[in-house]
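Engineer: The structure that follows is given in the form of structure tokens.
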Amino acid sequence: MKTFLTTTALALIASTSFADTITLYTSQPNADAQKTVDAFMAANPGTDVEWVRDGTTKLMARLRAEIEAGSPQPDLLLIADTVTLEGMAQDGLLTAYQSPEATNYDSALYSAEGFYHSTKLITTGIVYNTGVESAPTSWGDLTDAAIKGQIAMPSPLYSGAALIHLATLTGDDSLGWGYYEQLAANEARAQGGNGGTFKAVASGEKPYGMVVDFLAIRNKADGSPVEFVFPTEGVSYVTEPVAIMSTAKNVEGAEKFVDFLLSDAGQNLVLDMGYIPARDGMGVPEGFPARDAIKLMDFDPAVALKNADANKAKFAELFGTE
């Protein structure tokens, strides 16, 4: 009996010491991160997730410091944009993983090599105050001299989504840098992030603006006097991609996490949180148009990464550095 108890105790200690644990760094809002982790652990009993949440810029600064110290902690990253992860992939910091779930996604939404996979779509379109006389339908409408000085937008010097938006629109043949030059001539204000832009539009201070979709649509549902437009030319988008670190200690557990996020169950979780799922054939949150009615503009993370510094510098020349 004594031998049995000793053996059982040792087995319990071993199972506790070598528990299947993965470490996640994420820029999701706290409530979303907790829901994501809880849902994954419920679907994968025996696998625990330790997670750290912060903004993408701060997380990357923390991770870079850990890498320089020779002790990177996360197995996985779930952060705002593909451009950041493209840079990490080029630096050899990510592990390629060809998730079997990727066949359910547009090839533009994941790395061909499998370095990162998009989990949702957060688009940037036009928001306007319902008190305006003329409702815009296209990006070009924001260059109309009749609304000169009445336009707000987040600055790509401050917002990652705004930097991707800039790269997308300037890379479009029908818009290009000429479009931003027209916005500057029309005295569009570029300052801060999406939150400040939305407040300026909702208050009527700047009744037209560019902003991420959910911010306008959710606030409209709560009574804010705004409308959101998916412009006829299409929309830019960020995708909250997931990636596995090349230094991951639990690669198998990390792959399970990726597969879960990309699965039907994981994408329904995205929908429940109020975002557009990246997976084909899914629904959309209340207040959004049908998925096939949302035109995504062409975007190449590698090109955006290459041009990022030049794009920021040119933007600052046109709009200042606020």
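Engineer: Suppose we keep only residues that are in contact with a helix residue (DSSP H, G or I) (Cβ under 9 Å, 6 or more places away or on another chain) and in a loop (DSSP other than H, G, I, E, B) within the stretch 77-97. Which one would you say is farthest from residue 110 (Cα to Cα)?
Structural biologist: 93
Engineer: Filter the stretch 139-167 down to the residues that are within 19 Å of residue 233 (Cα to Cα), over 23 Å from the mean Cα position of the chain (by Cα) and not in a helix (DSSP H, G or I) and list them by number.
Structural biologist: Matches in the stretch 139-167: 144, 151.
Engineer: Check 316, 248, 265 and return the single one that is touching a residue at least 12 places away in the same chain (Cβ under 8 Å) and under 30 Å from residue 71 (Cβ atoms).
Structural biologist: The unique qualifying residue is 248.
Engineer: Now, a different point. Would you check if residue 302 is aliphatic (A, V, I, L, M) and in the same structural domain as residue 139 (by TED's automatic domain parsing)?
Structural biologist: Yes, satisfied.
Engineer: Let me ask something else. What's the number of the condition residue 155 fails, among (1) buried (at least 23 other Cβ atoms within 10 Å of the Cβ); (2) under 20 Å from residue 276 (Cβ atoms); (3) of a type in the set (S, T, N, Q)?
Structural biologist: The failed condition is (2).
Engineer: Same structure, new question: Restrict the check to the stretch 214-224 and report whether at least one residue is out of contact with any Ser or Thr (no Cβ under 8 Å at 6 or more places or on another chain), surrounded by fewer than 18 Cβ atoms within 10 Å (Cβ to Cβ) and hydrophobic (A, V, I, L, M, F, W, C).
Structural biologist: The answer is yes, given that some residue of the stretch 214-224 is out of contact with any Ser or Thr (no Cβ under 8 Å at 6 or more places or on another chain), surrounded by fewer than 18 Cβ atoms within 10 Å (Cβ to Cβ) and hydrophobic (A, V, I, L, M, F, W, C).
Engineer: For the structure I just gave you, tell me whether residue 222 is closer than 27 Å to residue 173 by Cβ, among the charged types (D, E, K, R) and either within 15 Å of the chain's Cα centre (by Cα) or modelled with pLDDT of 95 or more (or both). Show your work before the answer.
Structural biologist: Details: closer than 27 Å to residue 173 by Cβ: no; among the charged types (D, E, K, R): yes; either within 15 Å of the chain's Cα centre (by Cα) or modelled with pLDDT of 95 or more (or both): yes.
Spelling it out, it is not the case that residue 222 is closer than 27 Å to residue 173 by Cβ, among the charged types (D, E, K, R) and either within 15 Å of the chain's Cα centre (by Cα) or modelled with pLDDT of 95 or more (or both).
Engineer: Look through 152, 161, 200, 216 and report the one residue that is in contact with a strand residue (DSSP E or B) (Cβ under 8 Å, 6 or more places away or on another chain) and at pLDDT below 95. Walk me through it before giving the result.
Structural biologist: Values: 152 fails: at pLDDT below 95; 200 fails: at pLDDT below 95; 216 fails: at pLDDT below 95.
None of the other options fit; the residue is 161.
The values are calculated or read from the model by the stated rules, or taken from the named source; none is laboratory data. Since we're looking at a predicted model, the values are computed, not measured. We place every Cβ from the backbone using ideal geometry, glycine too, and count neighbours over all the protein chains shown.
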